[in-house]
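Presented below is the structure to which this report refers.
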Amino acid sequence: MPQTSAPPSPTDPSASAPPALNLAALDAWLTPHLPGPAAAPLQAQRLPAGQSNPTWRLSRGDRHWVLRAKPGPAAGLLPSAHAIEREVAVLRALADSGVPVPRVYALCEDEGVIGAAFYVMDFVEGRIVRDATLPDATPAERAAMHADALRVLAALHAVDWRARGLEGFGRHEGYFERMIGRWTKQYRATATGDNAAMEALIAWLPANLPPPSTHASTADQNLSIVHGDFRLENLVFHPTEPRVIAVLDWELSTLGHPLADLAYHCMAWHNPPGVLRGIAGLDLAAAGIPSEREVIETYCRLSGRDDLDAVRAHWPFYLAANLFRLAAILQGINHRVAQGIASHPQAIETGRMASQVAELGWRVAQGGSAR
C-alpha cells in the first residue's frame with residue numbers, strides 16, 4: 001500500500017493543529033516549481049502520518065507529490081523543532097549519493113502562502129512497514145529487507161558530507177555530550193513526577209562516555225550524517241522487492257556519531273511487541289529476522305569498521321543513550337497531555353511509556369548486551 005511517511009511515532013511531540021491548506025494560493029505559488037503542465041486542478045489529501053511536521057499528498061492528474069509543513073503554534077517544543085529547512089538541505093545534499101531519498105522540488109519560507117513554511121517533494125510509491133514483525137513477508141523476505149535497511153544505513157554514514165556541502169549541518173565534536181545535555185534539559189522542563197530511572201541515567205551517561213578513538217580510520221568514521229530516527233517505519237520499500245527505495249522523515253538529522261543511528265535502530269530488539277513496535281522475545285531466527293548481535297556485525301562489516309570489539313564493549317552506552325533520549329521525548333508528550341495541548345489521538349498512551357522506556361534504558365546501562 002503506497003504511503004509517504006511513517007505512522008505516528010513516539011518521536012512526534014504531539015504538536016498542535018496544522019495549518020489549513022489554501023489550495024488556490026498553494027497552486028499559484030507551486031505551479032512554476034513542478035514538472036509537467038498545470039491543466040488539472042491541484043488537490044490535497046491530509047495524511048495520517050507526519051504529525052510533527054504535518055504532511056499532505058498533492059495530486060494533479062496522475063502526478064503526485066508530498067507537502068510537509070511546519071505545524072501551527074505549539075507550546076513546550078524545543079527551539080530547533082520542525083526545522084524543515086534542514087530536511088530540505090539534507091535531502092538535496094543526498095540526491096544521487098547512493099542513499100535513496102525523494103527529490104525536493106521547492107521550499108517556501110513565506111508563511112503567507114498557506115500559513116506556515118513548507119516544502120514539496122516526490123511521492124514515492126512503495127511499502128511502509130507498520131508492523132516490525134513484517135507479517136506479510138516470508139522469512140527470506142524479512143531477512144532481505146533487514147539486510148537492505150542496514151545497507152542503506154551504512155551507505156548514509158559513508159557519504160562525504162563535506163563534499164556534499166554539509167560542513168555546517170551540525171557541530172563536529174561532542175555529539176553524545178550534547179545529546180545528553182539537550183535531553184536532560186528538556187526532561188527537566190517537562191517532568192510531571194519522579195522518575196528514578198531517568199535520574200539514574202542522567203548521572204550514569206556522562207560518566208560512561210566511550211573514549212575517543214585513537215585509531216585514525218575509526219575516528220574518521222565517528223562523524224557522519226545521522227538520520228536521528230532510523231527504523232523500518234521510516235523506509236519505503238519497493239512495491240514487490242525487499243529493497244529500500246526511499247528514506248523519509250529527516251527532521252532529526254544532523255552531523256553526529258553513526259553508532260547512535262545504529263543503536264536507535266536496534267531499540268526494537270529490546271522493546272516487547274506492542275510497546276513502540278518492538279520485537280523482543282520473538283523467535284527471530286524462525287521469522288528470518290536477524291538478532292541484534294547479527295545486526296551489529298553486519299553493519300560493522302558493511303561500513304568497514306574494524307572496531308567490532310569496542311562497539312560491543314560500549315554497546316550498553318549507545319543503546320542506553322538512545323533509550324534516554326526516547327524517554328525524554330515521551331515525557332514531553334506526557335507533559336503536553338497534562339497541559340491539554342496534545343492533539344495526537346495516541347498521545348496519552350504513548351506518553352505513558354516514558355517510565356517504561358527509562359527503566360529499560362537503566363537496565364541496559366547496568367549490563368545489557370546485544371541480543
- prompt: Can you name the residue in the stretch 77-133 that is basic (Lys, Arg) and closer than 30 Å to Ile279 by Cβ and is also modelled with the highest pLDDT among such residues?
  reply: Arg127
When residues of the stretch 31-69 are limited to those that are touching a strand residue (DSSP E or B) at 6+ places or on another chain (Cβ under 8 Å) and of a type in the set (Val, Ile, Thr), the one modelled with the lowest pLDDT: Thr55
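Select from the stretch 279-299 the residues that are of a type outside the set (A, V, I, L, M) and surrounded by 22 or more Cβ atoms within 10 Å (Cβ to Cβ) and list them in ascending order.
Taking the stretch 279-299 first, the residues of a type outside the set (A, V, I, L, M) are 281, 283, 288, 290-294, 297-299.
The answer is Glu292, Tyr299.
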- prompt: Is it the case that Gly112 is outside any helix (DSSP H, G or I) and in contact with a strand residue (DSSP E or B) (Cβ under 9 Å, 6 or more places away or on another chain)?
  reply: no
- prompt: Could we say that Leu319 is over 30 Å from Thr138 (Cα atoms) and either modelled with pLDDT of 95 or more or surrounded by 18 or more Cβ atoms within 10 Å (Cβ to Cβ) (or both) here?
  reply: no
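Please count how many residues of the stretch 93-104 are touching a strand residue (DSSP E or B) at 6+ places or on another chain (Cβ under 7 Å) and surrounded by 16 or more Cβ atoms within 10 Å (Cβ to Cβ). Can you show your working first?
Narrowing the stretch 93-104 to residues touching a strand residue (DSSP E or B) at 6+ places or on another chain (Cβ under 7 Å): 99-104.
Subsequent filtering for residues that are surrounded by 16 or more Cβ atoms within 10 Å (Cβ to Cβ) retains 99-102, 104.
Total satisfying the criteria: 5.
Yes or no, residue by residue, for (1) outside the structural domain of Ala358 (by TED's automatic domain parsing); (2) within 24 Å of Arg171 (Cβ to Cβ); (3) within 19 Å of the chain's Cα centre (by Cα); (4) acidic (Asp, Glu):
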position	(1), (2), (3), (4)
Ser253	no, yes, yes, no
Leu262	no, yes, yes, no
His265	no, yes, yes, no
Pro273	no, no, no, no
Arg301	no, no, no, no
Ala313	no, no, no, no
Phe317	no, yes, no, no
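Kindly indicate whether Thr254 is touching a strand residue (DSSP E or B) at 6+ places or on another chain (Cβ under 7 Å) and of a type in the set (Val, Ile, Thr). Give the steps one after another, and end with the answer.
Values: touching a strand residue (DSSP E or B) at 6+ places or on another chain (Cβ under 7 Å): yes; of a type in the set (Val, Ile, Thr): yes.
In short, yes.
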- request: Among what's in the stretch 129-168 and is acidic (Asp, Glu) and part of a helix (DSSP H, G or I), pick the residue that is farthest from Asp96 (Cα to Cα).
  value: Glu141
message: Quick check on Ile289: is it over 30 Å from Arg92 (Cβ atoms), out of contact with any strand residue (DSSP E or B) (no Cβ under 8 Å at 6 or more places or on another chain), part of a loop (DSSP other than H, G, I, E, B) and modelled with pLDDT of 95 or more?
response: yes
field: Residue that is surrounded by the fewest Cβ atoms within 10 Å (Cβ to Cβ), among those in the stretch 141-155 that are farther than 15 Å from Arg301 by Cα and in contact with a Gly (Cβ under 6 Å, 6 or more places away or on another chain)
entry: Ala143
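Does the stretch 232-244 contain any residue that is in contact (Cβ under 8 Å) with a residue 40 or more places away in the chain, outside the structural domain of Val101 (by TED's automatic domain parsing) and touching a Phe, Trp or Tyr at 6+ places or on another chain (Cβ under 7 Å)? Walk me through it before giving the result.
Here is the first cut: in the stretch 232-244, the ones in contact (Cβ under 8 Å) with a residue 40 or more places away in the chain are 232-239, 242-244.
Those left that are additionally outside the structural domain of Val101 (by TED's automatic domain parsing): 232-239, 242-244.
Still in the running and touching a Phe, Trp or Tyr at 6+ places or on another chain (Cβ under 7 Å): 243-244.
Yes - at least one qualifying residue is present in the stretch 232-244.
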field: Pair list, Cβ < 7 Å and 6+ apart or interchain, from the stretch 191-210 residues that are modelled with pLDDT of 95 or more and β-branched (Val, Ile, Thr) to residues that are assigned to a helix (DSSP H, G or I) and surrounded by 14 or more Cβ atoms within 10 Å (Cβ to Cβ)
entry: Ile202/Thr184
- prompt: Within the stretch 229-241, can you find the residues that are at pLDDT 95 or above and within 16 Å of His257 (Cα to Cα)?
  reply: Phe230
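Residues being closer than 12 Å to Leu150 by Cα and out of contact with any His (no Cβ under 9 Å at 6 or more places or on another chain): count how many of those fall in the stretch 295-312. Steps first, answer last, please.
Taking the stretch 295-312 and keeping what is closer than 12 Å to Leu150 by Cα, we get 295-303.
Next, from what is left, pick out any that are out of contact with any His (no Cβ under 9 Å at 6 or more places or on another chain): 296-297, 300-302.
Looking only at that region, the number is 5.
The values are calculated or read from the model by the stated rules, or taken from the named source; none is laboratory data. Nothing here was measured: the structure is a model prediction, and the numbers come from that model. We place every Cβ from the backbone using ideal geometry, glycine too, and count neighbours over all the protein chains shown.
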